[in-house]
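The values are calculated or read from the model by the stated rules, or taken from the named source; none is laboratory data. In this text, all values refer to a predicted model and were calculated from it rather than measured experimentally. Please note: Cβ atoms are built from the backbone with ideal geometry, for glycine as well, and neighbour counts cover all protein chains shown. Surface accessibility is based on the protein's heavy atoms, side chains included, excluding ligands, DNA and RNA. Shrake-Rupley method; radii C 1.70, N 1.55, O 1.52, S 1.80 Å.
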Amino acid sequence: KNEVEQSPQNLTAQEGEFITINCSYSVGISALHWLQQHPGGGIVSLFMLSSGKKKHGRLIATINIQEKHSSLHITASHPRDSAVYICAAASGNTPLVFGKGTRLSVIA
Amino acid sequence: NAGVTQTPKFQVLKTGQSMTLQCAQDMNHEYMSWYRQDPGMGLRLIHYSVGAGITDQGEVPNGYNVSRSTTEDFPLRLLSAAPSQTSVYFCASSSGLGYNEQFFGPGTRLTVL
């Protein structure tokens with residue numbers, strides 16, 4: 001079974017800072033998902049990637065297949081980025097395995 | 001499209017009561033799943049289905065039943081509620097496993113007294 005670890009568990013940043021959230025997994029995957037959950041809110045998909053890098057606005061996701069590691073970066077962070085960020089690993093036809101999430105607070 | 005809908009949004013039960021959490025999607029997705037989310041534990045898979053008539057257990061299936069009679073609906077039944085089942089429950093759907101975007105419902109917050 002894939003083990004998915006996220007770090008850090010909690011992160012507090014000042015507005016404008018560059019933020020990095022890390023995700024590592026133990027078994028080869030077909031896709032790595034990044035999800036966002038605002039306080040009291042639902043869960044939305046941010047990225048799916050199987051190689052390289054993807055960018056959407058101020059968010060960038062990268063993956064290194066050889067090292068079994070992915071990162072989510074937020075440039076010029078803003079208080080509205082405060083949320084829990086979750087990574088999940090997909091392997092073949094087995095259900096997703098989720099990390100425990102990183103709680104981000106961005107202070108103005 | 002409504003996406004993934006869940007009802008109710010909130011529910012309070014007494015120990016021993018039974019109830020059904022409803023989940024429906026209008027995207028013709030084959031894969032549907034139920035998760036519970038507890039503080040510090042992340043999302044844990046309860047049951048999932050890869051198509052109508054096909055269900056399987058996830059990581060924490062005890063105390064829950066599911067069925068999938070149609071592509072659209074995937075209800076989760078609590079047979080005899082226990083305080084340990086107090087949690088937030090999310091239903092999700094996708095076209096399949098692997099490289100397919102996951103769509104989540106808004107969640108149901110369940111408290112068992």
Taking chain A as a Gaussian network, where each spring joins two C-alpha atoms under 10 Å apart, which residue of A:His38, A:His73, A:His56 fluctuates the most?
-> A:His56
Taking only the alpha-carbon atoms of the protein assembly as shown, what semi-axes of the equivalent ellipsoid follow from 5 times the gyration tensor eigenvalues under a square root, in whole Å, largest first?
-> 30, 20, 15
Within chain B, longest stretch free of exposed trypsin sites (Lys or Arg not before Pro) [DSSP loop, at most 11 other beta carbons within 10 Å] | B:15-113
Chain A: relative contact order from alpha carbon pairs under 8 Å, six or more residues apart, as a whole percent, is 37
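Lysine pairs in the protein assembly as shown 8 or more apart or on different chains: how many have alpha carbons under 21 angstrom apart?
Numbers: A:Lys1/A:Lys68; A:Lys1/A:Lys100; A:Lys53/A:Lys68; A:Lys54/A:Lys68; A:Lys55/A:Lys68; A:Lys68/A:Lys100.
Lysine pairs satisfying the spacing and distance rule in the protein assembly as shown number 6.
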How crowded by other chains is B:41-47, given as the mean number of beta carbons from other chains within 10 Å of each beta carbon?
-> 4
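If you filter region A:1-102 for trypsin sites (Lys or Arg not before Pro), then keep DSSP loop positions with at most 13 other Cβ within 10 Å, what is left?
Working: sites: A:Lys1, A:Lys53, A:Lys54, A:Lys55, A:Arg58, A:Lys68, A:Arg80, A:Lys100; in loops: A:Lys1, A:Arg58, A:Lys68, A:Lys100.
For trypsin sites (Lys or Arg not before Pro) across region A:1-102 that sit outside H, G, I, E and B with at most 13 neighbouring Cβ atoms in 10 Å, the list reads A:Lys1.
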Phi to ³J(HN,Hα) by Karplus 6.51 cos²θ - 1.76 cosθ + 1.60 over region A:84-96, Hz, x for Gly, Pro = 9, 10, 10, 10, 9, 9, 10, 10, x, 9, 9, x, 4
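Ignoring ligands, DNA and RNA, how do B:Tyr31, B:Tyr99 rank by accessible area with a 1.4 Å probe, largest first?
Values: B:Tyr31 5, B:Tyr99 100 Å².
Descending accessible area places them as B:Tyr99, B:Tyr31.
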How large is ³J(HN,Hα), in whole Hz, for each residue of region B:24-40 in order, when computed from phi with the Karplus curve 6.51 cos²θ - 1.76 cosθ + 1.60 and θ = phi - 60°, using x for Gly and Pro?
-> 9, 9, 10, 9, 6, 7, 7, 9, 9, 8, 10, 10, 10, 10, 10, x, x
